[in-house]
Amino acid sequence: MEKKGILIVVSGFSGAGKGTIMKELLKRYDNYALSVSATTRKPRPGEEEGKEYFFKTTDEFEKMIAKDELIEYAKYVDNYYGTPRIYVEEQLKAGRDVILEIEIQGALKVKEKFPDTLLLFVTPPTIPELKKRLVNRGTETMDVIEYRLNRAKEEAKGMDRYDYLIINDELNTCVEEVHRIIQGEHRRSFRNQEFIENMKRELKGE
Ligand code: 5GP
């Protein structure tokens, strides 16, 4: 059977817990690879080069764009964010499912370029719960919380362009659900054309 990985894009409201879900998914199962993006935003305390992001100057980032080294890129607030091509291609070829944790403009660009991409959107069960999680994080000022809620309003407009909604109510249940969705996705007939063709050929006695 064809052993090519699936490209998976995960977006969601800030505070929906997508980062936590992905980290847990990678810890539990070893067939997933998480792409590390390049960005011009400054590192936050505790962030390391090559772990959360590859931190670039605007000049370096624009050179990456010019050399076509990014699958997609977008401007979010005042910074560039983009997905380096090499890692994604290598991992997919090696049969791993590659996860991109990116915002919606980038997500839709990836889907346009690679129509087989699986799009997942993570959300808390309700808006009061989303607000509660943003406030409880304790790391953000009221201004930032307000900004992110406004941003959520914008992102909600694109929710129905995603293949699945991931309702993050309880972490463990949610991680298992994401894993099952991806496993199910591997069984879609359009992802198994080679297998189908082989079966047909064998049945014909070729
Ligand atoms: P943050 O600055 O909070 O780490 O990320 C801000 C937003 O940029 C998040 O929604 C995150 O998912 C998104 N993002 C991170 N990396 C990329 C990327 O490579 N491309 C795009 N389009 N968005 C990204």
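For the chain, with only Lys/Arg (+1) and Asp/Glu (-1) charged at the beta-carbon, what is the dipole magnitude about the Cα centre, in debye rounded to 20? Computed charge dipole of the chain: roughly 200 debye. If R0 is 22 Å, the Cβ-Cβ spacing of VAL144 and GLU60 corresponds to a FRET efficiency of close to 0.25.
Classify the stretch 70-192 from the C-alpha gyration tensor, please: rounded if a/c falls under 1.5, else prolate or oblate depending on whether a/b exceeds b/c. All intermediate terms of the calculation are to be shown ahead of the outcome.
Details: a/c = 2.10, a/b = 1.40, b/c = 1.50.
It is oblate, given that a/c is not under 1.5 and a/b is not larger than b/c.
For a quick check, take a GNM of the chain with Cα springs below 10 Å and name the residue from ALA66, ALA33, ALA152 with the largest mean-square fluctuation. Among ALA66, ALA33, ALA152, the largest mean-square fluctuation in the Gaussian network model of the chain belongs to ALA66. For the stretch 1-147, the carbon plus sulfur part of the accessible surface works out to 54%, probe radius 1.4 Å. Our estimate of slack between GLN193 and GLU170, defined as 0.36 nm per intervening residue step minus the Cα-Cα distance, is 4.7 nm. The equivalent ellipsoid that matches the C-alpha gyration tensor of the chain spans semi-axes of 32, 22, 15 angstrom, in descending order.
Using the alpha carbons alone, the radius of gyration of the stretch 34-137 stands to its Kirkwood radius in an Rg to Rh ratio of 1.00.
Going from most exposed to least, what order do LYS204, LYS63, LYS18 have by accessible area with a 1.4 Å probe? If you can, show how the numbers build up before the last one.
Numbers: LYS204 155, LYS63 115, LYS18 45 Å².
Listed by decreasing accessible area, they come as LYS204, LYS63, LYS18.
Can you give the FRET efficiency for ARG28 and LYS204, using 1/(1 + (r/R0)^6), R0 = 41 Å, r = Cβ-Cβ distance, to the nearest 0.05?
Details: r = 42 Å, r/R0 = 1.02.
Efficiency computed from Cβ-Cβ geometry: 0.45.
Report, in cubic angstrom per residue, the convex hull volume of the C-alpha atoms of the stretch 123-206. Could the numbers behind the result be given before it?
Working: hull volume 10.4 nm³, N = 84.
Hull volume over Cα atoms, normalised by residue count, gives 124 Å³.
Indicate the gyration tensor shape class of the stretch 26-79 (rounded, prolate or oblate), computed on the Cα atoms with a ≥ b ≥ c the square roots of the eigenvalues: a/c under 1.5 is rounded; otherwise a/b larger than b/c is prolate and the rest oblate.
On the way: a/c = 2.40, a/b = 1.45, b/c = 1.65.
Oblate, because a/c is 1.5 or more while a/b does not exceed b/c.
Here LYS63 is the anchor, and the lysines within straight C-alpha reach of less than 25 Å, apart from those fewer than 8 places off in the same chain, are LYS42, LYS51, LYS75, LYS109, LYS111, LYS113. Calculated accessible area for the stretch 70-169 comes out at 56 Å² per residue, all protein chains present (probe 1.4 Å; ligands, DNA, RNA ignored).
The values are calculated or read from the model by the stated rules, or taken from the named source; none is laboratory data. Fair warning: this is a prediction, and the values are worked out from it, not measured in the lab. Cβ sites come from the backbone with ideal geometry, for glycine too, and all protein chains shown count toward neighbours. With ligands, DNA and RNA removed, areas are computed over all heavy atoms of the protein, side chains included. Shrake-Rupley method; radii C 1.70, N 1.55, O 1.52, S 1.80 Å.
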